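Q: This is the structure I have questions about; it appears just below.
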Amino acid sequence: MIDVLGFLITLTTYIGIYLVLSLTLTLEVSSGITNFGKVAFYGLGAYTGALIGTYLPLAITGSRASPFDVNGIQLLYTISKSNPVLDLSVFLLSLAAGFAVSALFGLLLTYPIHRVGSALVGFTLLSTGEVLRLFYLNTEPLGESKGFMGIPNPFAWLPQARGAEALYLIIVWCFVGLTYFIVSRIMNSPLGRILKGMRDDELVALYAGWPTPLIKSKVLALTSGLTGVAGVLWAYYFTSINPNMFTPSLTFNIWAMVILGGIDSIVGGVLGTVLLASVDYAARFVIPFIGTTLVTPDYLRWIIVGLVMLVVLLKKPEGLAPRRGGVSKL
Amino acid sequence: MITQDLISFFLFSLLYLTVTIPLVLAYRVTKVINFTVANYITYGAYTAVLLDYYMRSSFGHNSLLLTVLSSFAVTGLIAVLSNLAVFKPLAEMRVKGDVLMIASMGLWIVLKYVLYIVSDIASSAWRTNLVSYSQIHYDDISLLTVRAGLVGVQQSLVVFPLLALASMLILYLVLNATRVGRAVLAVADNSVLASLSGIAVGRVVSLTWFLTAGLTSLAGVMWTTYSGAITPEVGDSLILQVFTIAFIGGLSSLTRTAAGALLISGVENFGTDLLSTYLGLPTSIKPMLTFTVLLATLIVSPPLGVAGGVPYRFTRGARR
Amino acid sequence: MGVKLIVEKVTKRFGGVVALNRVSINVPSSLVVGLIGPNGSGKTTLFNVVTGYYTPDEGRVLIEGSGRVVDITGWNPNRISRLGVARTFQIPRLIPSLTVLENMLLFYDYGSCASITCSLRRKWVDVEEAAVARAMSILREFGLESIAHKRPAELSAGHLKLVETLRGLMSDAKLFMLDEPFAGVESWMARKLTDTIRKINREKGSTFVVIEHRITELLEGVDYVYVLHNGSLLAEGKPDEAVSDERVIKAYLGK
Amino acid sequence: MRLTPASLAFLLIGLVVGLPLGYVFSTTTSPQSTGAPQAGQAREYQVGFTLPLSGELSSIGKIWEKVVYLALDDLNNEVKAYGFNVTFKPVILDDGTQDDKALANVQSFAQMGIKVVIGPAASSQVKAVKSFADANHIVIISPSSTAPTLAIPNDFIFRTVGSDAKQAKALATLAYTQGARTVVVFHRNDEYGNAFADFFTRYFSQFNNTKVYDLPYQAGLSDYTSEVNALASKVQSTGADSVVLIAFDTDAANILAHAAGNSVLSSVRWFLSEGPHGAQELLSPTIGQFAQKTRLLGTRPLFVHNPLYDEFAKKLKEKYGVEPTVFCDTLYDAVQLAGWAILRAGKYDGDAIRAALVEVAKHYYGPSGWTMFDENGDKAFQDYGVWAIVKTDQGYQFMDVGMVQGDSVIFTTTPYR
């Protein structure tokens, strides 16, 4: 028997986390920030969350165990199962810290890239992501290649696994709602129009009196912070992270979702995300029963994603659900 | 180990030059920040791999000349087709440079995984592992080295200078000695003016795609004589360095690009070794060195014009 | 009410090329001034220096209005724009994805209402209403109501130039710097543009600096003319004087 | 109402989610499913596999897939011979050697009602699925995860291979008995390489007069020139007599090819871990000659001269035309153990199967030897063989040339003259 409820919970959790990424990317793209380094901020958030989620409970309970030892990992499991207050407060603290750290990083990064055009911005952010990954890989307190394990699930103390999953889903979707609110309010405001102007012709926006690099850095700080929170949510959902989870292919995936739906429409981005994430997850229930394995399904999947991106750009640049009307909504 | 570092510095400089000079020229003509450069390198290398397997199993030997010609043709054709299918229609829609770049990203993904599937199928058909292939030896190069009295010299030491030189020579001759080449240069300088003076810009752009992609694929062929394991990741792994070099050159100046190639190659080969030997840093900081150079370039001398940035200064008040 | 523009011995070099060589001009308030010269004489570079695109290598740029003198050398373009300096471009630059109305609104000073917090709290509604009313009244005043909801791609070159000029009014510009306003514009539209410039100049007292590349098509009724050649100021004076200056004729006709 | 893009897209999503659900419903609720046994019908059990068919470990993943089919054929024949009216059916998913995909795979297995999952390959992937598996009582049997940090008792993770700690000891013994005294450990900077190197250092330092220097390199690059140059500098400055290389296949081939062109590195001995064993790239003339020159040796988990292993290798070659690479034997045994444990448990339930698995493993002996688990659910007894690259008439070939027994190494053939 197929477990429909479990299927839906898992699927919607993945979709929720991806939605935060694609919504923030939509805002970035509509402000002219070609963020090819989405994974940098995501990973930073995840690592911040993991750092707090493992070191802090061990420190509070007065244990000297390292979070990378078997002892420490087992202790973390025990704490998360027995101490709901500590478990939840560590999680909430991580969310806040993930936002702060990623936002600050986004703000700092705007300095080197403020004067160059979008191609260089994209490329610089792309390499930033890779450099951060190498940083995690070579930093001992971050677990080097081992990464973190035993990040406490905030609802691990619940007796049934299903209950914990459902509660986590609710948290993820509350945050999706918040992100949607922020992104749509900004995009449908005079600021949204300024951002659009910046994207199309930054010089004109500058001559219109707007300090575009400053606005850009504020937007990037906000979206990076939100992306960082998505990273925290990911880390606590996964309960173990390591540097190799944060490769550029994640960024390209999000880009594909956003392009599919329409490059500057919120609804489009949401649709693209839901569509692609659903196909990805649901495909697991079909692929094993097809029977042939000569062509790796993952390769085929990427080819289709790439082709869909190209077709959308060529034939329907506004995507599945284009943004309707002007910006001004009175 | 200064000699080893010198050798790798020399080889990598040549490799980077072979990729970045055509890249910059292509950008000046096509205005596409082109991710598929990675594919050109990989397809060059994999044409060599497939050909090597076929030649070895059918004839027992393999030739560099044949490999170079087929790599050039295959890659050049792919580039021309991708221009016709993607970049030309997009350019006619007058989209921004960003969209061209994103499209090239999509195309890069497609081409990358097509190659994976091709090498998987070839591997299972020929019952061998082509997804990770051993270093290739070219018999005509062995012959050449023996004739020249260089017995025991690694093939890469011969092939790298040979192909890099050939690439530069072809580029120089085509651009300066032929009419169509001069047309390419004219379009690179100013495409509007060029079209006004009666140059068929469309054909020149197609030719540029063919030529630059073909020349880039030589880097892939060079790679097959150097690396111990050829994988479909070859091109992707060079992207960071290649674009850093191109950005140092501002995507316009060929001399600055060449200087950038030497700089990055030097930083990577000497820098990594020095830091590892004297400061005990791990060699994995190599990409960080490249990235530092990129950041320094962005802060000290941002390539303003071509990259489309705005003139904004964070310093306050009047300044000279 | 217009402002006075003072450019003092400005020099701008690009590599070894001297694009502007100790250029000094002094545009009195509320005049329409022409800036002429052959291709490559430094007209647009001068605009770029005044509006903050480039920082001059030497010299100063000053704006004098309401009895105050402000040294704007090295300021960022957005700050100079907020001071009341509006410019247009040789090839009109409007935001393609925004309508004419929205393009106008982009130049309105929303102040703190353009901040992220204000957007989240939707505190901008009143200001937006005022801005739209203002933009519509400007468009109406110049008979452009009908194109308010069109996108730039649907407009003629003349309309683009017109909108580009008018959007300066959204930010209360006191100094307009127009880069070849008549290039590629049909003659009836050119007349309309001239009328518009005159009207703004008359009613608001704004100062205009207008680049014109062809000496013969110089704007009717320009009050004063500066002639640039090879980055230096060649001549200045009343239009007919300047045009008949033999150095100017030489610069235009021969080597 | 006209069809808006939004409603169109929702329709699409509905189809995308609904179709596979419907499909699986129809297949899993059909009589042959894991549900109630039907008279006369063979009862079918599904076993989940999450294999690295793409990504970094794809070259061995492709061979593993064949091993899975071989093992299931053997298992099904065997249980039939015992008179059980059951068949085992594989459900194979690719995880791209990525952690998040491994978890998503295990989650979808759980939702399909599958209680036993074989794989994932890498330790980081096992870590990623551990929390979910423990919470949902899914038995995970990894044939190749060797990270010591996963040696946790009372969980749902089993490993049919010994931890790297044991192999590190074997490699240290091999290196020492071969005369190595000052070694540079050149290893992947990842979970596998770092843990292996740590243990190697620990054991090798216990011998007299030994010195160990540690040099990690970034894994996953497509070239290792500067890394090899740094290694040469290190060997020269420390006066090392041997290099210990802890690597996978592609990186090892690359490193050895560059080392072959380096005079310093060609004049020291080389000792390798099990990762590169079986990789075709290592049989190129460049590396083959280098191996002869440096008398290259490696260890790998293997019970040398185990007739079951030879039989397994022969069958694999006959049926699928491939040579078994590293961890093929442990994968084969993982499949067998899973099958017998399901039968012994009597019901398809995670807890029951876990308990049964421990018992079954005590009495099973396969290509990888005796499979008994220790208290952490890892293989309790692991033997290690010594491999070399030898020159034959068909070019260079891998050969198992001996075994490590406690503190000594027994050679069955002399690989290098």
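Q: In the range D:162-212, how many residues are without any contact (Cβ under 8 Å) to a residue 60 or more places away in the chain, assigned to a loop (DSSP other than H, G, I, E, B) and surrounded by fewer than 21 Cβ atoms within 10 Å (Cβ to Cβ)?
A: Residues meeting the conditions: 5.
Q: Got a sec? Which of D:VAL264, D:VAL268 is in contact with an Asp or Glu (Cβ under 9 Å, 6 or more places away or on another chain) and surrounded by fewer than 24 Cβ atoms within 10 Å (Cβ to Cβ)?
A: Matching residue, one of D:VAL264, D:VAL268: D:VAL268.
Quick grid of which residues meet (1) within 11 Å of another protein chain (Cβ to nearest Cβ); (2) at pLDDT below 90; (3) on the phi > 0 side of the Ramachandran plot:
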position	(1), (2), (3)
A:VAL39	no, no, no
A:ILE52	no, no, no
A:ALA65	no, yes, no
A:ASN71	yes, yes, no
A:THR78	no, yes, no
A:VAL85	no, no, no
A:LEU93	no, no, no
A:ALA96	no, no, no
A:SER102	no, no, no
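Q: Sticking with this one: Residue by residue through the range D:72-115, note down the ones that are within 14 Å of chain A (Cβ to nearest Cβ), in a helix (DSSP H, G or I) and among the β-branched types (Val, Ile, Thr).
A: Answer for the range D:72-115, where residues must be within 14 Å of chain A (Cβ to nearest Cβ), in a helix (DSSP H, G or I) and among the β-branched types (Val, Ile, Thr): just D:VAL106.
Q: Also: Looking only at the range B:230-278, count how many residues are of a type in the set (Val, Ile, Thr) and within 10 Å of another protein chain (Cβ to nearest Cβ). Step through it out loud before you land on a result.
A: Taking the range B:230-278 and keeping what is of a type in the set (Val, Ile, Thr), we get B:230-231, B:234, B:239, B:242, B:244-245, B:248, B:255, B:257, B:264, B:267, B:272, B:277.
With the extra rule that they be within 10 Å of another protein chain (Cβ to nearest Cβ), the set shrinks to B:230-231, B:234, B:239, B:244, B:272, B:277.
Qualifying residue count for the region: 7.
Q: Can you confirm whether the range B:30-47 contains a residue that is of a type in the set (A, V, I, L, M), assigned to a helix (DSSP H, G or I) and over 15 Å from the mean Cα position of the chain (by Cα)?
A: The initial filter retains those residues of the range B:30-47 that are of a type in the set (A, V, I, L, M), namely B:32-33, B:37-38, B:41, B:45.
If we keep only those that are assigned to a helix (DSSP H, G or I) as well, we get B:37-38, B:41, B:45.
The next check asks that each one be over 15 Å from the mean Cα position of the chain (by Cα); those that pass are none.
No, the conditions are met nowhere in the range B:30-47.
This table checks each residue for (1) touching a helix residue (DSSP H, G or I) at 6+ places or on another chain (Cβ under 7 Å); (2) in contact (Cβ under 8 Å) with a residue 12 or more places away in the chain; (3) more than 23 Å from D:PHE271 (Cα to Cα).
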| site | (1), (2), (3) |
| --- | --- |
| D:LYS347 | no, no, yes |
| D:ALA356 | yes, yes, yes |
| D:ALA361 | yes, yes, yes |
| D:MET372 | yes, no, yes |
| D:LYS379 | no, yes, yes |
| D:VAL386 | yes, yes, no |
| D:ILE389 | yes, yes, no |
| D:GLY395 | yes, yes, no |
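Q: Please list, ordered by first then second residue, the pairs with beta carbon atoms under 6 Å, 6 or more apart or interchain, first in the range B:1-29 and touching a residue at least 12 places away in the same chain (Cβ under 8 Å), second among the aromatic types (Phe, Trp, Tyr) and in a helix (DSSP H, G or I).
A: B:ASP5/B:PHE270; B:LEU11/B:PHE160; B:LEU14/B:PHE160
Q: Here's a follow-up. How about the range B:115-137: which of its residues are facing another protein chain (nearest Cβ under 7 Å), in a helix (DSSP H, G or I) and crowded, with 19+ Cβ neighbours inside 10 Å?
A: Listed by number, the residues that qualify are B:TYR116, B:ASP120.
Q: Give the residues of the range A:75-108 that are without any contact (Cβ under 8 Å) to a residue 40 or more places away in the chain and either crowded, with 21+ Cβ neighbours inside 10 Å or polar (S, T, N, Q) (or both), sorted by residue number.
A: Those that are without any contact (Cβ under 8 Å) to a residue 40 or more places away in the chain and either crowded, with 21+ Cβ neighbours inside 10 Å or polar (S, T, N, Q) (or both): A:THR78, A:SER89.
Q: Just checking, which of D:ASP164, D:ASP214, D:ASP155, D:ASP198 is acidic (Asp, Glu) and closer than 20 Å to B:THR272 by Cβ?
A: Result of the check over D:ASP164, D:ASP214, D:ASP155, D:ASP198: D:ASP214.
Q: A follow-up question, please. Given the residues B:VAL74, B:VAL86, which is the only one that is modelled with pLDDT under 95 and of a type in the set (A, V, I, L, M, F, W, C)? Spell out the reasoning first.
A: Details: B:VAL74 fails: modelled with pLDDT under 95.
Criteria check complete, one pass: B:VAL86.
Q: While we're here: Report yes if D:PHE312 is closer than 23 Å to D:ILE141 by Cβ and part of a helix (DSSP H, G or I), otherwise no.
A: Values: closer than 23 Å to D:ILE141 by Cβ: yes; part of a helix (DSSP H, G or I): yes.
Considered against the rule, which asks whether it is closer than 23 Å to D:ILE141 by Cβ and part of a helix (DSSP H, G or I), D:PHE312 comes out as yes.
Q: What's the number of the only condition in (1) among the acidic types (Asp, Glu); (2) without any contact (Cβ under 8 Å) to a residue 24 or more places away in the chain; (3) in contact with a helix residue (DSSP H, G or I) (Cβ under 8 Å, 6 or more places away or on another chain) that D:ASP73 fails to meet?
A: (3)
Q: I'd like to check something: does the range A:183-196 contain any residue that is outside any helix (DSSP H, G or I), more than 7 Å from chain C (Cβ to nearest Cβ) and on the phi < 0 side of the Ramachandran plot?
A: Within the range A:183-196, the first condition is being outside any helix (DSSP H, G or I), and the residues that meet it are A:188-189.
Subsequent filtering for residues that are more than 7 Å from chain C (Cβ to nearest Cβ) retains A:188.
Applying the additional criterion that residues be on the phi < 0 side of the Ramachandran plot yields A:188.
Yes, some residue in the range A:183-196 is outside any helix (DSSP H, G or I), more than 7 Å from chain C (Cβ to nearest Cβ) and on the phi < 0 side of the Ramachandran plot.
Q: Every residue in the range D:238-256 that is modelled with pLDDT under 90 and at the interface with chain B (Cβ under 7 Å from one of its Cβ atoms), please.
A: D:ASP249, D:THR250, D:ALA253, D:ASN254
Q: How many residues are within 23 Å of D:GLY346 (Cα to Cα) and small (Gly, Ala, Ser) when one looks only at the range D:85-100? Before the answer, list the steps.
A: Here is the first cut: in the range D:85-100, the ones within 23 Å of D:GLY346 (Cα to Cα) are D:85-91.
Right, trim to small (Gly, Ala, Ser) and you get none.
Of the residues in the range D:85-100, 0 are within 23 Å of D:GLY346 (Cα to Cα) and small (Gly, Ala, Ser).
Q: Out of curiosity, is B:SER217 hydroxyl-bearing (Ser, Thr, Tyr) and in a helix (DSSP H, G or I)? It would help to see each step written out before you state the result.
A: Numbers: hydroxyl-bearing (Ser, Thr, Tyr): yes; in a helix (DSSP H, G or I): yes.
In short, yes.
Q: Still on this model: Count, please, the residues in the range C:18-52 that happen to be at negative phi and assigned to a strand (DSSP E or B). Spell out how you get there, then give the answer.
A: So in the range C:18-52, the residues at negative phi come out as C:18-21, C:23-29, C:31-36, C:38-39, C:41, C:43-51.
Narrowing the set further to residues that are assigned to a strand (DSSP E or B) leaves C:18-21, C:23-27, C:32-36.
Qualifying residue count, the range C:18-52: 14.
Q: Report, by residue number, each residue of the range C:54-92 that is touching a strand residue (DSSP E or B) at 6+ places or on another chain (Cβ under 7 Å), surrounded by 22 or more Cβ atoms within 10 Å (Cβ to Cβ) and more than 9 Å from chain B (Cβ to nearest Cβ).
A: C:VAL61, C:ILE63, C:VAL85, C:ALA86, C:ARG87, C:THR88
Q: Out of the residues in the range A:225-255 that are modelled with pLDDT under 95, assigned to a helix (DSSP H, G or I) and of a type in the set (Val, Ile, Thr), which is farthest from A:VAL20 (Cα to Cα)?
A: Per the criteria, the residue is A:THR251.
Q: Could you check the range D:101-119 and list, in sequence order, the residues that are surrounded by 24 or more Cβ atoms within 10 Å (Cβ to Cβ) and within 19 Å of D:ALA341 (Cβ to Cβ)?
A: Listed by number, the residues that qualify are D:VAL106, D:PHE109, D:ALA110, D:LYS115, D:VAL116, D:VAL117, D:ILE118, D:GLY119.
Q: Pick from the range C:101-111 the residues that are more than 14 Å from C:GLY168 (Cβ to Cβ) and of a type outside the set (Ser, Thr, Tyr): which of them is nearest to the other protein chains (Cβ to nearest Cβ)?
A: Let us first name the residues in the range C:101-111 that are more than 14 Å from C:GLY168 (Cβ to Cβ), namely C:101-102, C:110-111.
Among the residues that remain, those that are also of a type outside the set (Ser, Thr, Tyr) are: C:101-102, C:111.
Values: C:LEU101: 7, C:GLU102: 6, C:GLY111: 10 Å.
Only one residue fits best here, namely C:GLU102.
Residues checked against (1) surrounded by fewer than 22 Cβ atoms within 10 Å (Cβ to Cβ); (2) more than 9 Å from chain B (Cβ to nearest Cβ):
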| residue | (1), (2) |
| --- | --- |
| A:ILE263 | no, no |
| A:GLY269 | no, yes |
| A:ALA283 | yes, yes |
| A:VAL286 | yes, yes |
| A:PRO297 | yes, yes |
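Q: Only one of D:VAL326, D:VAL322, D:VAL335, D:VAL360 is surrounded by 15 or more Cβ atoms within 10 Å (Cβ to Cβ), within 15 Å of D:ALA71 (Cα to Cα), of a type outside the set (Lys, Arg) and in contact with a Lys or Arg (Cβ under 9 Å, 6 or more places away or on another chain). Can you tell me which? Before you say what the answer is, go through the steps one by one.
A: Values: D:VAL326 fails: within 15 Å of D:ALA71 (Cα to Cα); D:VAL335 fails: in contact with a Lys or Arg (Cβ under 9 Å, 6 or more places away or on another chain); D:VAL360 fails: within 15 Å of D:ALA71 (Cα to Cα).
Unique residue meeting the criteria: D:VAL322.
Q: Please list, ordered by first then second residue, the pairs with beta carbon atoms under 7 Å, 6 or more apart or interchain, first in the range A:296-319 and touching a residue at least 60 places away in the same chain (Cβ under 8 Å), second polar (S, T, N, Q).
A: Correct list of pairs: A:GLY319/A:SER265.
Q: Here's something else I'd like to know. Got a number for residues in the range A:258-292 being among the acidic types (Asp, Glu) and more than 14 Å from A:VAL305 (Cβ to Cβ)? If you could, list the steps in order and put the result at the bottom.
A: Taking the range A:258-292 first, the residues among the acidic types (Asp, Glu) are A:264, A:280.
From the residues that got through so far, the ones that are more than 14 Å from A:VAL305 (Cβ to Cβ) too are A:264.
Qualifying residue count, the range A:258-292: 1.
Q: Name the pairs: first residue in the range D:403-416 and modelled with pLDDT of 85 or more, second residue assigned to a loop (DSSP other than H, G, I, E, B) and β-branched (Val, Ile, Thr), Cβ to Cβ under 6 Å, at least 6 apart or on different chains?
A: From residues that are modelled with pLDDT of 85 or more, the pairs are D:MET403/D:VAL304.
The values are calculated or read from the model by the stated rules, or taken from the named source; none is laboratory data. Quick caveat, the model's predicted, so the values are computed rather than measured. Please note: Cβ atoms are built from the backbone with ideal geometry, for glycine as well, and neighbour counts cover all protein chains shown.
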